[in-house]
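Worksheet: one structure, shown below.
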Amino acid sequence: MKNFLKSLVLSNVISLVLIGVLSLIMSNTNINDSWLYPIIIGITTFSILIGGFCIAKNKKEKGIIFGSLLGIVYILCLYILSSIILLDFSLTINSLIFIVLGILGGAVGGILGVNF
């Protein structure tokens, strides 16, 4: 459980740092806002992949399960927090994309973590 929480916190820290870098880039350049959502999906998926990698590397077994579980918990926390802030608990196609990519990112990270 301790390793799981460490990996979850690591994923969140990576996301926050990369989104901070993205905000600096967006405020100082003329990048089109239409790129914002795909980049945020990429950052989130990458962060979950790293978290899945770390937990599987520590557990040394069942990487796909632990990585997927990390992705589910990460996305669930993100969904609940954003729903509270936006006062909208609806599921959209964008929400489903986040869920699927979060689970896949964690699973891939878990597979890579066990094999390294």
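Scale the Cα Rg of the chain by the rule-of-thumb value 2.2 N^0.38 Å and send over the ratio, two decimals.
Compactness ratio reported: 1.09.
Which of the listed residues, Tyr37, Leu112, Ile93, is farthest toward the dipole's positive end in the chain, when Lys, Arg count +1 and Asp, Glu count -1 at the beta-carbon?
Checked the options; the winner is Leu112.
Leu10: net charge of surrounding residues, Cβ under 15 Å, Lys/Arg +1, Asp/Glu -1, itself excluded?
It works out to a net charge of +4.
Springs between alpha-carbon pairs under 10 angstrom, Gaussian network model over the chain: which of Ser27, Ser11, Ser68 fluctuates most?
Among Ser27, Ser11, Ser68, the largest GNM mean-square fluctuation belongs to Ser27.
To the nearest 0.05, what FRET efficiency results for Thr92 and Asn28 with a Förster distance of 30 Å applied to their C-beta separation?
That pair, Thr92 with Asn28, gives E of 0.50.
If you fit an axis through the alpha-carbon atoms of helix 36-59 and take the longest principal axis of the Cα set of the chain, what angle between them do you get, 0 to 90°, nearest 10?
Roughly 20 degrees, rounded to the nearest 10.
What order do Leu101, Leu76, Leu70, Leu16 take when sorted by accessible area (1.4 Å probe), most exposed first?
Leu16, Leu76, Leu101, Leu70
Taking Cα atoms of region 1-58, Rg/Rh with Kirkwood Rh, to two decimals?
1.11
Nearest 10 degrees is fine. How inclined is helix 2-28 to the longest principal axis of the chain, computing both from alpha carbons?
20 degrees
From the helices alone, meaning DSSP H stretches of at least four residues, give me the mean residue ellipticity at 222 nm for the chain, per-run term -39500 (n - 2.57), in deg cm²/dmol to the nearest 500.
Mean residue ellipticity at 222 nm (helix-derived): -30000 deg cm²/dmol.
Could you quote the convex hull projected area for region 61-116, Cα atoms only and averaged over all directions, in nm²?
3.6 nm²
Send over a whole-number figure in Å² for the accessible area per residue of region 1-98, probe 1.4 Å.
Dividing the accessible area of region 1-98 by its residue count gives 64 Å².
The values are calculated or read from the model by the stated rules, or taken from the named source; none is laboratory data. Note that the structure is a prediction, hence the values are computed from the model and not measured. As a convention, Cβ positions derive from the backbone with ideal geometry for all residues, glycine included, and neighbour counts pool all protein chains shown. The accessibility values were calculated without ligands, DNA or RNA, using every heavy atom of the protein model including side chains. Shrake-Rupley method; radii C 1.70, N 1.55, O 1.52, S 1.80 Å.
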